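Notes to accompany the following structure.
The values are calculated or read from the model by the stated rules, or taken from the named source; none is laboratory data. Not measured: the values here are computed from a predicted model. Backbone-built Cβ (ideal geometry, glycine too); neighbour counts: all protein chains shown.
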Amino acid sequence: MTARLLPWLFVLVMAVGPLWLGDQYILYVLTSTGIFIIGAMSLNLLLGYTGQLSLGHIAFFGIGAYTSALLSLGFDLDLGGAEPFVLGPQPVWVAFLGGILVAALFGFLIGKLAFRVRGAYFVIVTISFAQVMRMVALNWVDLTEGPMALNNIPPLSVWLPWDGVIPLYRKEYNYLLVLAVAVVCFLVIQRLVQSRVGRALVALRENESLARSVGIDVTRYLVVATVIAAGMAGAAGGLYTHYIRIVDPDVFMFIYTVTMVIMVVTGGKGTLAGPIVGGLAFGILPEVLREVARPEVQWIIYGVAMIVVVFFLPQGIVPAVRNWFAGRRKRVAATALGLRKETSA
Amino acid sequence: MEAHLQHLLNAVVLGGTYALLGIGLTLIFGIMRVVNFTHGELYTFGAYMAYMLAGMMGLNFFMSLAMAAVLGMALGALIEFTLLRPLKGADIDTTMLVMIGAGIAMQAGEQLVWGGVAKSVPSPFPAEPVVLGSVSVGMNRLFVLGVALLLLGGFYLLINRTTLGVAMRATFQDPDTAALMGVNRGLMYTLTFALGSGLAATAGALLGPIFVVTPTMGDLVALKAFAIVILGGLGNIPGATIGGFVLALAEEFGAGYLSSGYRDAMGFLLIIAVLIVRPQGLFAMKERIG
């Protein structure tokens with residue numbers, strides 16, 4: 001009973017607590033952390049449940065961010081015809097959904113292509129994919145403005161009974177929106193991994209040849225997982241772009257993928273709560289370090305933390321805590337048993 | 001025609017360094033099953049060592065080059081000894097994460113020590129290019145090509161003609177049997193990593209006087225090295241050598257005739273083409289399934 005209520009209690013605390021504190025800086029940190037946690041949750045679907053180390057995940061985030069920004073700003077595209085293709089500014093939510101769709105579409109294409117290979121080959125193909133996206137964003141200046149970045153991206157809007165439709169400039173609303181999207185993503189992933197698809201994914205993670213031999217269409221399930229993960233990463237990118245309201249090619253940097261990987265691995269890959277625990281730790285850590293260390297030192301600590309986690313907590317925090325509790329329960333049960341023996345004797 | 005020839009010449013010069021980077025990475029993967037994410041940082045380390053020795057301390061350039069190579073090997077051996085040796089038997093993803101962490105820490109360390117401002121290494125060669133008929137090439141680039149070819153040749157002799165090479169190849173083919181035959185496997189791993197790292201550091205020191213030295217210079221180079229070893233097949237040394245020249249050709253002609261902005265994307269396009277046309281790879285590849 002308590003185990004089922006605990007996640008909702010956590011959501012309630014996260015929804016009320018920061019607003020009650022009312023500190024704008026804390027809200028900003030938690031909002032950007034929440035966006036990255038959504039990205040980490042979607043990465044966990046691939047990394048944790050299918051066991052594929054996809055190191056190009058930020059590409060889907062960036063594609064979602066750029067697509068959503070471009071759709072909401074409107075753009076014109078010279079396709080070589082007589083008239084350039086012109087698209088006026090679209091409503092922000094249409095743009096946001098467009099970002100998710102385009103990211104998912106790329107997930108489909110890249111999934112089809114990259115899952116022809118496994119292991120180190122797969123890792124390198126996915127990294128290269130993100131790098132090429134960065135180069136496209138840098139060089140296709142007509143569309144993306146290149147290094148000049150896309151500016152003045154409109155914020156998302158919401159309908160409130162007491163205000164009507166308002167654009168979300170305020171940090172409180174953005175924070176709650178990110179929290180809501182995170183909850184939706186969590187529920188989708190939870191349903192997915194507890195379904196037939198989820199069991200197929202775990203089966204192929206544990207033993208791909210065996211999974212194949214019992215009739216699981218491995219590549220199809222991998223592509224399905226990639227499409228969903230890419231769509232969610234695209235949603236995180238959309239939230240990011242309408243919150244920060246500027247997007248430049250640096251959004252595709254490898255270090256952001258690494259941040260998401262650290263979050264998943266630290267929290268515990270293949271667990272539902274892992275990316276959230278790891279995400280909160282590594283979202284807040286840089287802000288704490290900022291007070292005491294230069295950025296370079298921060299990155300050194302980041303890198304060392306990654307090594308330390310792999311060495312000493314290879315399963316991640318969540319499984320370690322779970323094992324500790326399970327062990328304690330066993331010890332408690334054993335002592336209780338011992339006591340009963342003593343009284344009966 | 002002259003333009004073709006000039007591109008071809010540039011590609012050959014570039015391909016030499018690419019091959020050096022590629023064989024270092026592929027050697028480490030082949031023998032140790034480790035995807036080395038510090039490769040680009042060792043390249044950067046080599047360039048900074050050349051800058052420190054030749055630029056700051058005023059040592060002879062050729063001497064600095066040799067010392068940068070030795071220091072690169074030492075750093076590689078240190079990484080293997082402290083990070084990879086305790087992880088022996090861990091799966092490929094685990095070592096990959098550790099190497100990514102090490103790569104991040106190393107790059108931030110370089111940033112901390114040398115700052116973000118680009119440095120340049122003084123070149124010992126005259127600035128005017130050598131003119132060969134209708135094409136021309138800088139003296140310093142010719143020197144880079146010469147050293148690269150020399151190292152490639154020496155590397156082949158080492159692998160194919162020496163006892164050490166036999167031991168390395170044996171470890172590559174079957175680590176357990178090699179150990180039973182009296183090969184010191186731990187030593188082989190340390191030597192392999194040191195050798196691969198030394199090649200990367202040498203490439204960095206060689207290219208230091210041609211480009212500028214920055215803490216992030218290794219990022220793109222590492223990606224290119226990855227593309228090269230994929231083209232040639234992970235663990236395939238002749239494949240990586242050919243892959244280095246293939247990538248250089250694709251970049252030179254792609255930049256010359258298509259678009260220079262996408263020059264650095266050529267490696268990825270090549271990988272995609274290989275995956276579509278020949279998913280089993282250009283050369284024999286063991287790792288692939290599906």
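Quick check: is even one residue across the stretch B:243-251 within 14 Å of chain A (Cβ to nearest Cβ), touching a Phe, Trp or Tyr at 6+ places or on another chain (Cβ under 7 Å) and either within 30 Å of residue B:127 (Cα to Cα) or outside any helix (DSSP H, G or I) (or both)?
Scanning the stretch B:243-251 turns up at least one residue that is within 14 Å of chain A (Cβ to nearest Cβ), touching a Phe, Trp or Tyr at 6+ places or on another chain (Cβ under 7 Å) and either within 30 Å of residue B:127 (Cα to Cα) or outside any helix (DSSP H, G or I) (or both).
Output yes when any residue across the stretch A:132-153 is surrounded by 21 or more Cβ atoms within 10 Å (Cβ to Cβ), touching a residue at least 40 places away in the same chain (Cβ under 8 Å) and in a loop (DSSP other than H, G, I, E, B), and no when none is.
yes
Can you tell me which residue in the stretch A:246-301 is nearest to the other protein chains (Cβ to nearest Cβ), limited to those that are farther than 16 Å from residue A:233 by Cα and touching a strand residue (DSSP E or B) at 6+ places or on another chain (Cβ under 9 Å)?
The qualifying residue nearest to the other protein chains (Cβ to nearest Cβ) is A:248.
Would you check which residues across the stretch A:302-332 are within 14 Å of another protein chain (Cβ to nearest Cβ), of a type in the set (A, V, I, L, M), part of a helix (DSSP H, G or I) and surrounded by fewer than 20 Cβ atoms within 10 Å (Cβ to Cβ) and list them? Working first, answer last.
From the stretch A:302-332, those within 14 Å of another protein chain (Cβ to nearest Cβ) are A:302-316; that's our starting set.
Retained after the next criterion (residues that are of a type in the set (A, V, I, L, M)): A:304-310, A:313.
Within this subset, residues satisfying the condition of being part of a helix (DSSP H, G or I) are A:304-310.
A:304, A:305, A:308 - these are the residues of the stretch A:302-332 that are within 14 Å of another protein chain (Cβ to nearest Cβ), of a type in the set (A, V, I, L, M), part of a helix (DSSP H, G or I) and surrounded by fewer than 20 Cβ atoms within 10 Å (Cβ to Cβ).
For residue A:126, which of the numbered conditions (1) within 14 Å of chain B (Cβ to nearest Cβ); (2) closer than 22 Å to residue A:246 by Cα; (3) in contact with a His (Cβ under 8 Å, 6 or more places away or on another chain); (4) not hydrophobic (A, V, I, L, M, F, W, C) fails to hold?
Of everything listed in (1) within 14 Å of chain B (Cβ to nearest Cβ); (2) closer than 22 Å to residue A:246 by Cα; (3) in contact with a His (Cβ under 8 Å, 6 or more places away or on another chain); (4) not hydrophobic (A, V, I, L, M, F, W, C), residue A:126 misses just condition (2).
For residues that are surrounded by 23 or more Cβ atoms within 10 Å (Cβ to Cβ) and polar (S, T, N, Q), scanning just the stretch B:193-227, find the one that is nearest to the other protein chains (Cβ to nearest Cβ).
The residue in question is B:197.
Within 23 Å of residue A:54 (Cβ to Cβ), in contact with a Ser or Thr (Cβ under 7 Å, 6 or more places away or on another chain), away from chain B (no Cβ under 14 Å) and surrounded by 22 or more Cβ atoms within 10 Å (Cβ to Cβ), is that true of residue A:99?
Against the criterion (within 23 Å of residue A:54 (Cβ to Cβ), in contact with a Ser or Thr (Cβ under 7 Å, 6 or more places away or on another chain), away from chain B (no Cβ under 14 Å) and surrounded by 22 or more Cβ atoms within 10 Å (Cβ to Cβ)), residue A:99 qualifies.
Here is a list of conditions, (1) surrounded by fewer than 21 Cβ atoms within 10 Å (Cβ to Cβ); (2) at pLDDT 90 or above; (3) not small (Gly, Ala, Ser), and residue A:292 meets all of them except one; can you say which number that is?
(2)
Just to be sure, is residue B:125 away from chain A (no Cβ under 14 Å), buried (at least 19 other Cβ atoms within 10 Å of the Cβ) and among the aromatic types (Phe, Trp, Tyr)?
Working: away from chain A (no Cβ under 14 Å): yes; buried (at least 19 other Cβ atoms within 10 Å of the Cβ): no; among the aromatic types (Phe, Trp, Tyr): yes.
Considered against the rule, which asks whether it is away from chain A (no Cβ under 14 Å), buried (at least 19 other Cβ atoms within 10 Å of the Cβ) and among the aromatic types (Phe, Trp, Tyr), residue B:125 comes out as no.
Taking the conditions exactly as written (over 14 Å from the mean Cα position of the chain (by Cα) and free of Cβ contacts under 8 Å to residues at least 24 places away in the same chain), does residue A:19 satisfy them or not?
Working: over 14 Å from the mean Cα position of the chain (by Cα): yes; free of Cβ contacts under 8 Å to residues at least 24 places away in the same chain: no.
Here the answer is no, as residue A:19 does not meet what is asked.
Within the stretch A:159-182, how many residues turn out to be within 26 Å of residue A:26 (Cβ to Cβ), surrounded by fewer than 16 Cβ atoms within 10 Å (Cβ to Cβ) and of a type outside the set (D, E, K, R)?
In the first step, residues of the stretch A:159-182 are kept if they are within 26 Å of residue A:26 (Cβ to Cβ); the result is A:160, A:162-163, A:166-182.
Filter again for surrounded by fewer than 16 Cβ atoms within 10 Å (Cβ to Cβ), leaving A:160, A:162-163, A:166-167, A:169-170, A:172, A:180.
Narrowing further to those that are of a type outside the set (D, E, K, R): A:160, A:162, A:166-167, A:169, A:180.
Result for the stretch A:159-182: 6.
In the stretch A:268-301, which residues are among the polar types (S, T, N, Q) and in a helix (DSSP H, G or I)? Before you say what the answer is, go through the steps one by one.
We begin by selecting, within the stretch A:268-301, every residue among the polar types (S, T, N, Q); these are A:271, A:298.
Selection gives A:298 alone.
From the list A:137, A:182, A:120, A:149, pick out the single residue that is in contact with a Ser or Thr (Cβ under 7 Å, 6 or more places away or on another chain) and hydrophobic (A, V, I, L, M, F, W, C). First the steps, then the outcome.
Details: A:182 fails: in contact with a Ser or Thr (Cβ under 7 Å, 6 or more places away or on another chain); A:120 fails: in contact with a Ser or Thr (Cβ under 7 Å, 6 or more places away or on another chain); A:149 fails: in contact with a Ser or Thr (Cβ under 7 Å, 6 or more places away or on another chain).
None of the others qualify; the one that does is A:137.
So, residue A:97, is that one of a type outside the set (D, E, K, R) and either in contact with a Cys (Cβ under 9 Å, 6 or more places away or on another chain) or in contact (Cβ under 8 Å) with a residue 24 or more places away in the chain (or both) or not? Can you show your working first?
Working: of a type outside the set (D, E, K, R): yes; either in contact with a Cys (Cβ under 9 Å, 6 or more places away or on another chain) or in contact (Cβ under 8 Å) with a residue 24 or more places away in the chain (or both): no.
Spelling it out, it is not the case that residue A:97 is of a type outside the set (D, E, K, R) and either in contact with a Cys (Cβ under 9 Å, 6 or more places away or on another chain) or in contact (Cβ under 8 Å) with a residue 24 or more places away in the chain (or both).
Failed condition for residue A:335, given (1) within 12 Å of chain B (Cβ to nearest Cβ); (2) surrounded by fewer than 21 Cβ atoms within 10 Å (Cβ to Cβ); (3) among the hydroxyl-bearing types (Ser, Thr, Tyr), with all others met?
Unmet for residue A:335, out of (1) within 12 Å of chain B (Cβ to nearest Cβ); (2) surrounded by fewer than 21 Cβ atoms within 10 Å (Cβ to Cβ); (3) among the hydroxyl-bearing types (Ser, Thr, Tyr): (1).
Could you list all residues from the stretch A:75-100 that are over 28 Å from residue A:128 (Cα atoms), assigned to a helix (DSSP H, G or I) and either in contact with a helix residue (DSSP H, G or I) (Cβ under 8 Å, 6 or more places away or on another chain) or at pLDDT 90 or above (or both)?
Within the stretch A:75-100, A:92, A:94 qualify.
Condition (residue is closer than 30 Å to residue A:167 by Cα, touching a helix residue (DSSP H, G or I) at 6+ places or on another chain (Cβ under 9 Å) and more than 10 Å from chain B (Cβ to nearest Cβ)) applied to the stretch A:109-119: is it met by at least one residue? If you could, list the steps in order and put the result at the bottom.
Quick first cut of the stretch A:109-119, residues closer than 30 Å to residue A:167 by Cα only: none.
No.
The rows are residues; the columns are (1) touching a His at 6+ places or on another chain (Cβ under 9 Å); (2) among the aromatic types (Phe, Trp, Tyr); (3) touching a residue at least 60 places away in the same chain (Cβ under 8 Å).
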| position | (1), (2), (3) |
| --- | --- |
| A:191 | no, no, no |
| A:194 | no, no, no |
| A:215 | no, no, no |
| A:221 | no, yes, yes |
| A:226 | no, no, yes |
| A:236 | no, no, yes |
| A:239 | no, no, yes |
| A:264 | no, no, yes |
| A:276 | no, no, yes |
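Output the helices (runs of 4 or more DSSP H) that fall wholly within the stretch A:171-236 and possess 3 or more residues being at pLDDT 90 or above and more than 14 Å from chain B (Cβ to nearest Cβ), or say none. I'd like the intermediate steps shown before the answer.
On the way: elements: A:171-193, A:196-206, A:208-213.
It comes to A:171-193.
Quick check, is residue B:208 at pLDDT 90 or above, of a type in the set (Gly, Ala, Ser) and in contact with a Gly (Cβ under 9 Å, 6 or more places away or on another chain)?
Working: at pLDDT 90 or above: no; of a type in the set (Gly, Ala, Ser): yes; in contact with a Gly (Cβ under 9 Å, 6 or more places away or on another chain): yes.
Spelling it out, it is not the case that residue B:208 is at pLDDT 90 or above, of a type in the set (Gly, Ala, Ser) and in contact with a Gly (Cβ under 9 Å, 6 or more places away or on another chain).
State all residues of the stretch B:29-41 that are hydrophobic (A, V, I, L, M, F, W, C), touching a helix residue (DSSP H, G or I) at 6+ places or on another chain (Cβ under 6 Å) and closer than 15 Å to residue B:227 by Cα; if no residue qualifies, say none. Steps first, answer last, please.
Filtering the stretch B:29-41 for residues hydrophobic (A, V, I, L, M, F, W, C) gives B:29, B:31-32, B:34-35, B:37.
With the extra rule that they be touching a helix residue (DSSP H, G or I) at 6+ places or on another chain (Cβ under 6 Å), the set shrinks to B:31-32, B:34-35, B:37.
Hits for the stretch B:29-41 are B:35, B:37.
Which ones in the stretch A:263-313 are farther than 30 Å from residue A:195 by Cβ and basic (Lys, Arg)?
Correct list: A:290, A:294.
Quick one: which residue in A:72, A:68, A:42 is buried (at least 24 other Cβ atoms within 10 Å of the Cβ), part of a helix (DSSP H, G or I) and under 9 Å from the mean Cα position of the chain (by Cα)? Let's see the steps before the verdict.
Numbers: A:72 fails: under 9 Å from the mean Cα position of the chain (by Cα); A:68 fails: under 9 Å from the mean Cα position of the chain (by Cα).
From the options A:72, A:68, A:42, the qualifying one is A:42.
From B:25, B:84, which residue is modelled with pLDDT of 90 or more, in contact with a Phe, Trp or Tyr (Cβ under 9 Å, 6 or more places away or on another chain), surrounded by fewer than 22 Cβ atoms within 10 Å (Cβ to Cβ) and under 26 Å from residue A:260 (Cβ atoms)? Full working, then the answer.
Working: B:25 fails: surrounded by fewer than 22 Cβ atoms within 10 Å (Cβ to Cβ).
Testing whether each residue is modelled with pLDDT of 90 or more, in contact with a Phe, Trp or Tyr (Cβ under 9 Å, 6 or more places away or on another chain), surrounded by fewer than 22 Cβ atoms within 10 Å (Cβ to Cβ) and under 26 Å from residue A:260 (Cβ atoms) leaves just B:84.
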